[in-house]
Amino acid sequence: MSVARIPSSGASVLAPPDDMLDRLSHPVVVFDRDGEIVHANACANAMLGRAVVGLAFADLFPEHREPFERLTDSAKPLVLATRGGVRYRAWLGPSVQAERALSLFPDDADDVTSAVDEDELTGLLKRNGLNDRLTQALALVAEGGAEVAVHCIDLDRFKIVNDTLGHGVGDLLLRKVADRIRAACRKEDCVARIGGDEFVVVQTGIADVADAKRLATRLVDLIGRTYVLGGHTVNIAASVGVAVSAPGEGARDVLRNGDLALYEAKRAGRARFRVFEAGMDAALRSRRELEIDLRRALALKQFSVHYQPFVDLRTDEVIGFEALIRWDHPTRGRVSPADFIPLAEETGLITKIGEWVLRTACQTAMSWPNAMTVAVNISPVQFRADTLVETVLSALAQAGLPAGRLEIEITEGALLENTGDVLKTLHALRDLGLKISMDDFGTGYSSLSYLQKFPFNKIKIDRSFVQGADEGGESEAILKAIAGLGLSLGMAITAEGVETAEQLARIRGEQCTHVQGYFTGRPMPADGISSFLST
Ligand code: C2E
Ligand code: MG
Ligand code: MG
């Protein structure tokens, strides 16, 4: 039974509309400031066996010694009292303006008891308890109380900690995370753990969305700080999806919106929060449709591979081509890889698509003259599959292409997680005789350290620096620095995205060894290559 307490004096009394309270699936009793029942919903009257309006808190729970006024918040039951042979547990609910509410549940009713059971590990509420508390909080909002925000929290990299350091450390970590979440919240907020590493905070009594953003910022910051657990230093991060309740929304709606916002936060790069916006719904739907089309694209032969030449600046000759996938969709037209590769990665489809590109590219390269190189982009997700080396061997064998003619391009993303395993795979590929390039260099955040970890054959400087260098300043300085670094590490340097003769001239001055860009050749279909090479 929820026991809400509202001001009793004059016009400030905000009696909730009867029908709204009656719709709630659990008993609600509303007390005024003095602890007298001013309203009870149908469910409460049924449970208590009579109309209880007019009774006082003390009448209802005569054995409970603590006065109504002195009850304070906790995730643990505050009141254990009996009435009519039924034990009740009480939780302090969300506040309505300055006032507070209590939730009471019969202790012995199995369904209700389990519904409010705590999570053993963290002492937080579980999903059912969360739903109840949120439903109540929303009822009070409908009544004219301050708004409620939901924060859906998901830990990034928790699984890695669990897998590498063991469940003991994983449990310890979850407990610490729970502590930090509680520390970030006010007492009257409700915190729940609804899955392995998923938490939800119900923030009550917020004035506006800025209040919610402040808490979300605090959550991301606090959870993201370093943990020391049984001698291990552990770093994880939290993504948070925030949804502020809107009129007429139930607990399910708000939680769903929070979830959508969480999804957006993760897509935006994790370790951050996003606030739900109405457009996210539509964005998700269109993403789903794209995913459905993408799943069919391979079977329907909608993919092709285009090839962009790269030129050796010492000889001014084309020495190879980069394979770039193209998707021609019957109604969408040509979809850019920048738009569908991330989706293919999220859905795992990239493993199959990437393998198809690899096999196609190896076969195509067999017809090129002068033992030209073919460069293939490999997604970080393909590295995680741990069949990459076999797939590469099989593609080479199937085409009859010598390993020395295949170059693999990876981005820093591949080295972010499970670095040790990825390095092992990279070494295995190199031992086969492949060349390995670091692609889009300079766009990540820890590029330099990766150059020490693996002897890349080539660094491809991202086109933003090549093009930004037109204006001089920072880009030019970075370009110079990277080229110098490559030289001293004995790595070849490709400048990407060279579009003009001026850019090409500058690149030559910067000790770059290779160039790739529209100026020296756009990506072209396989059957355009021989005429391109003969001009
Ligand atoms: P990337 O690997 O850095 O490839 C270079 C991209 O820059 C290509 O875009 C290419 O068309 C474009 N480009 C080349 N020269 C110029 C230039 O002078 N100016 C401008 N503005 N752009 C230039 P594209 O083909 O749209 O591919 C985008 C990205 O998608 C690629 O970047 C790569 O990361 C990814 N991608 C493409 N194909 C595959 C694939 O088969 N597998 C995987 N995993 N990723 C791929
Ligand atoms: Mg590339
Ligand atoms: Mg690139």
Note on region 453-502: residues closer than 18 Å to Gly521 by Cβ, more than 16 Å from ligand 2 (Cβ to nearest atom) and in contact with a strand residue (DSSP E or B) (Cβ under 9 Å, 6 or more places away or on another chain) are none
Please specify each residue of region 181-196 satisfying the condition of being open to solvent by 50 Å² or more (accessible area, probe 1.4 Å) and at pLDDT 90 or above.
Arg182, Ala183, Arg186
Any chance you could count how many residues in region 501-535 are among the polar types (S, T, N, Q) and more than 12 Å from ligand 1 (Cβ to nearest atom)?
6
Looking at Glu510, is it open to solvent by less than 60 Å² (accessible area, probe 1.4 Å), over 23 Å from His427 (Cα atoms), within 16 Å of ligand 3 (Cβ to nearest atom) and in contact with a Lys or Arg (Cβ under 7 Å, 6 or more places away or on another chain)?
no
Looking at region 306-316, is at least one residue away from ligand 3 (no atom under 16 Å from the Cβ) and surrounded by 21 or more Cβ atoms within 10 Å (Cβ to Cβ)?
no
Reported set for region 134-155 where residues are modelled with pLDDT of 90 or more and either farther than 28 Å from Gly248 by Cβ or assigned to a helix (DSSP H, G or I) (or both) is Leu134, Thr135, Ala137, Leu138, Leu155
Residues being farther than 21 Å from Asp439 by Cβ and either among the hydroxyl-bearing types (Ser, Thr, Tyr) or within 14 Å of ligand 1 (Cβ to nearest atom) (or both): count how many of those fall in region 305-332.
3
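Looking at Pro369, is it farther than 22 Å from Leu290 by Cβ and either within 16 Å of ligand 3 (Cβ to nearest atom) or surrounded by fewer than 19 Cβ atoms within 10 Å (Cβ to Cβ) (or both)? Even if it seems obvious, please write down each step before you answer.
Details: farther than 22 Å from Leu290 by Cβ: yes; either within 16 Å of ligand 3 (Cβ to nearest atom) or surrounded by fewer than 19 Cβ atoms within 10 Å (Cβ to Cβ) (or both): yes.
Against the criterion (farther than 22 Å from Leu290 by Cβ and either within 16 Å of ligand 3 (Cβ to nearest atom) or surrounded by fewer than 19 Cβ atoms within 10 Å (Cβ to Cβ) (or both)), Pro369 qualifies.
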Being away from ligand 1 (no atom under 12 Å from the Cβ), touching a residue at least 40 places away in the same chain (Cβ under 8 Å) and either assigned to a helix (DSSP H, G or I) or loosely packed, with under 15 Cβ neighbours inside 10 Å (or both) is the filter here, so list the residues in region 448-500 that pass it.
Leu451, Ile482
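The values are calculated or read from the model by the stated rules, or taken from the named source; none is laboratory data. Note that the coordinates shown come from a computational prediction; the quantities given were computed from them, not determined experimentally. No Cβ is skipped: glycine too gets one built from the backbone with ideal geometry, and neighbour counts run over all protein chains shown. Remember, those area values only see protein heavy atoms, side chains included, never the ligands or the DNA or RNA. Shrake-Rupley method; radii C 1.70, N 1.55, O 1.52, S 1.80 Å.
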